Amino acid sequence: MKPFAIAALAATALALSACGDNLGAAKPLNVVSGHVVLGTTPDRPAVGYFRVQGGPQPVQLVAVTTDLAQRVEMHESLRENGVMTMKPITSADVPAKGELVFKQGGKHLMIWGINGAAVRAGKLPMQFVFTNNNNERILFDLVIKPAEGATGEAAMDHSAMGHGENKGEDKAAADAAKQ
Ligand SMILES: [Cu+2]
């Protein structure tokens, strides 16, 4: 058993060192960059963009979470009849050896109620949850940028977002209250 165990350790060490070079070795699944743009007023959500480098297998990103904000949602911007709209999404594909990009005008994060300490620190620690390896979690700090000159989703009014599924009930309740 012992020689085998040593051989296994050596193989692991080789595999780990292979990650550090660029000689055609398969790159690991990883979050490689990203930032958050604060909303133009404190009650407006921030928007988040990032890049995920695909690993050897196709996987899905199924959640992005943080302890330092009240709520995070994944959204996708769509142009419908010439008007930009957005809808929540529950997952996003990360192709093998490819890339998943959350960017302005496409998929993005909406982040409500970022903790003031995180804003002062200038970074928001996030957990990216994937479908591989029993929900692999990758930790990555998104740099927080001010709202000044905010464009794209950060400048859009998200006040009606996130509760779409309840709208009918809310309207029914409001109608009932009027009677
Ligand atoms: Cu959005």
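No value in this document is a laboratory result; all are computed from the given coordinates. Just so it is clear, the model here is predicted, and its values are computed rather than measured.
Amide H contacts of Val59 (H built 1.01 Å from N, in plane; Pro and chain starts excluded): Val94, Ala96 sit under 5 Å, all sequence-distant by 5 or more or on other chains. Using only Cα atoms, locate the centre of the range 108-122 and the centre of the range 38-84, then give the distance between them in Å, rounded to an integer. Between the Cα centres of the range 108-122 and the range 38-84 lies a distance of 13 Å. Note that the range 124-134 has calculated 3J(HN,Hα) couplings of 10, x, 10, 10, 9, 10, 10, 7, 7, 6, 6 Hz, one per residue in order, obtained from phi through the Karplus relation 6.51 cos²θ - 1.76 cosθ + 1.60 (θ = phi - 60°); glycine and proline are x.
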